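Undergrad: My structure is below; once you've seen it, I'll send some questions.
The values are calculated or read from the model by the stated rules, or taken from the named source; none is laboratory data. Treat the numbers as computed from the prediction; the structure is a model and nothing was measured. Backbone-built Cβ (ideal geometry, glycine too); neighbour counts: all protein chains shown. SASA here: full protein model, heavy atoms, side chains in, ligands and nucleic acids out. Shrake-Rupley method; radii C 1.70, N 1.55, O 1.52, S 1.80 Å.
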Amino acid sequence: MDHSRVPVLEALEDFRRRGDVVYGPPGHRQGRGADPRVKEILGEGVFASDVLNMNGLDDRRLSQGVLGDAQELMADAVGADQAFFSTCGSSLSVKTGMLAVAGPGEKLLISRNSHKSVIAAVIINGVVPIWVHPKFDGDRHLAHPPEPDDVRRRLQEHPDAKGMLLITPTDWGSCADIRGVARVCHEFGVPLIVDEAWGAHLPFHPELPTWGMNAEADMVVTSVHKMGGAIEQSSVFHLKGDRISAEVLQQREDLLGTTSSSSLVYATLDGWRRQMVEQGHDLLDTALARARRIREAVAEVPGLSVMGEEIVREGLAFEHDPLKLTIEVRELGITGMQAAEWLRANCHVDVGSADTLRICPQITHGDDDRTEALLVESLRRLAKEADGMERPPRVLLPVPDGLELEQAIRPRDAFFGNVDHVPADRAVGRVAAETITPYPPGVPAVAPGEVITREVVDYLRSGVAAGMLLPDAADPKVETFRVVT
């Protein structure tokens, strides 16, 4: 296929060159009606290229072939049979994939270290989650992906399960044995969906972890805005084989997705695919070398340690993404949340993920010598000035199985059922009616339908006291919990 082509961008270019005057949405009329103060910040080009697809470009339902051509090129670039663009982020793509495999009341195996968007999908779809618990790293207080034998055990216990959802890479860069899990699923006659939101870059360099489409996965979801070069909310779901019906998948996407898809998202997805096919290997070569230099520099900073291939040697993960710089800060006597706030306030550096013990800046092909030097120097400053920071309250971290809560009732039933709000001390032993998620990275500590334990209450309350953010909790201070009546 001709990967120099960018069908969406070409259609946008034609639209702008023709000078079409549109009498439908968007109401800003390609920027003529936009507030000049907004255009001064965002730029005129954003509005000029914000086009309703069915008028100026294309639409799946009023197809002129533009979007279809772009998706075919994407599929060819990453080794998929089919690819579908999504303008609502992987949060919607994962919901779509789950709904294409398991319907209301049906069972689906799911990695319990899932993002909150997966829990939301469980609630919306009404599936019965069969949690496959991750491998817990007690020394690092970190969850790594489950292994093939974990999946086999759960499928043996639940032979009526319709499929499996596997999350890899994790927010911290540890990766699953996708091929091993896929073969277990296929042995039981069910498909494997891989939530590879952090893995859009993986198909384009051999030194990176295995890409799901190359490891026998049936469907792979990526968030191209995370490690790729497209704007926020850019997602793609990829299909291979016939275990998941493309027709069913499209119908489910039509059920959940927007009818006003963004031409800006489509265009940047299209352009990123061309860039990766033409230049991706060299760009990622440079990024990998940059990450190696940063790792070497961080290793020399007292009080900091960066996670790497040792988790593979220790048998905790199958692979590791070297572009994820998971840096532990506990020897500095501070939390990762403190480190992230200090770096933002004092160095104008945003590191992405942070929890009680670590931060995780990630390197992409978009970094350069300036951003590399800034990150290293900022981390050195952090280590030097940590002694002057206030010592945080102690976070009562759970033991390895402390977050493996009992699923008492279906999440949907708990979420939409009758609820009470009870003080934290009285919540122990009650069934949660809410999702409670330390954010970032966004993996829920409590999901609806799970039985709340003393350990999880102590963890969340001590975490909040130390600066943990719980944006989806009914009571962000967790003085009360929302429980099933």
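Undergrad: Would you kindly identify the helices (runs of 4 or more DSSP H) lying entirely within the range 262-366 that contain at least 3 residues that are open to solvent by 10 Å² or more (accessible area, probe 1.4 Å) and touching a residue at least 60 places away in the same chain (Cβ under 8 Å)?
TA: Per the criteria, 263-299, 336-347.
Undergrad: Let me ask something else about it. Report whether or not residue 124 is open to solvent by 30 Å² or more (accessible area, probe 1.4 Å), part of a helix (DSSP H, G or I) and either more than 15 Å from residue 442 (Cα to Cα) or touching a residue at least 40 places away in the same chain (Cβ under 8 Å) (or both).
TA: yes
Undergrad: Being surrounded by fewer than 20 Cβ atoms within 10 Å (Cβ to Cβ) and either touching a Ser or Thr at 6+ places or on another chain (Cβ under 7 Å) or assigned to a helix (DSSP H, G or I) (or both) is the requirement here; does residue 33 meet it?
TA: No; evaluated as a whole, the condition is false for this residue.
Undergrad: Under 6 Å between Cβ atoms, which residue pairs at least 6 apart in sequence (or on different chains) link something in the range 80-96 that is over 17 Å from residue 119 (Cα atoms) and open to solvent by 10 Å² or more (accessible area, probe 1.4 Å) with a partner that is modelled with pLDDT of 85 or more and part of a loop (DSSP other than H, G, I, E, B)?
TA: 80/240; 81/240; 87/233; 87/262
Undergrad: Something else about it: Does the range 275-298 contain at least one residue that is touching a Lys or Arg at 6+ places or on another chain (Cβ under 7 Å) and closer than 25 Å to residue 67 by Cβ?
TA: No, the range 275-298 has no match at all.
Undergrad: Residues in the range 81-119 that are hydroxyl-bearing (Ser, Thr, Tyr), part of a loop (DSSP other than H, G, I, E, B) and touching a Pro at 6+ places or on another chain (Cβ under 9 Å): how many?
TA: The total comes to 1.
Undergrad: A further question on this structure: Residue 375 - would you say it is in contact (Cβ under 8 Å) with a residue 40 or more places away in the chain, in a loop (DSSP other than H, G, I, E, B) and under 30 Å from residue 227 (Cα atoms)?
TA: For residue 375, the condition - in contact (Cβ under 8 Å) with a residue 40 or more places away in the chain, in a loop (DSSP other than H, G, I, E, B) and under 30 Å from residue 227 (Cα atoms) - is not met.
Undergrad: While we're here: Go through (1) open to solvent by 10 Å² or more (accessible area, probe 1.4 Å); (2) in contact (Cβ under 8 Å) with a residue 12 or more places away in the chain for residue 242 and report which single condition fails.
TA: Evaluating residue 242 over (1) open to solvent by 10 Å² or more (accessible area, probe 1.4 Å); (2) in contact (Cβ under 8 Å) with a residue 12 or more places away in the chain leaves (2) as the failure.
Undergrad: Please go through (1) of a type in the set (D, E, K, R); (2) open to solvent by 20 Å² or more (accessible area, probe 1.4 Å); (3) in contact (Cβ under 8 Å) with a residue 40 or more places away in the chain; (4) over 25 Å from residue 174 (Cβ atoms) for residue 381 and return the number of the only condition it doesn't satisfy.
TA: Every condition holds for residue 381 apart from (3).
Undergrad: Identify the single condition in (1) at pLDDT below 95; (2) closer than 25 Å to residue 360 by Cβ that residue 296 does not satisfy, given that it satisfies every other one.
TA: For residue 296, the failing item is (1).
Undergrad: Please go through the range 60-77 and pick out each residue that is open to solvent by less than 10 Å² (accessible area, probe 1.4 Å) and either at pLDDT below 90 or of a type in the set (Val, Ile, Thr) (or both).
TA: Passing the criteria: only 67.
Residue by residue, here is whether (1) closer than 20 Å to residue 463 by Cβ; (2) touching a residue at least 60 places away in the same chain (Cβ under 8 Å) holds:
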| site | (1), (2) |
| --- | --- |
| 402 | yes, no |
| 408 | no, no |
| 411 | no, yes |
| 414 | no, yes |
| 428 | yes, no |
| 431 | no, no |
| 437 | yes, yes |
| 449 | no, no |
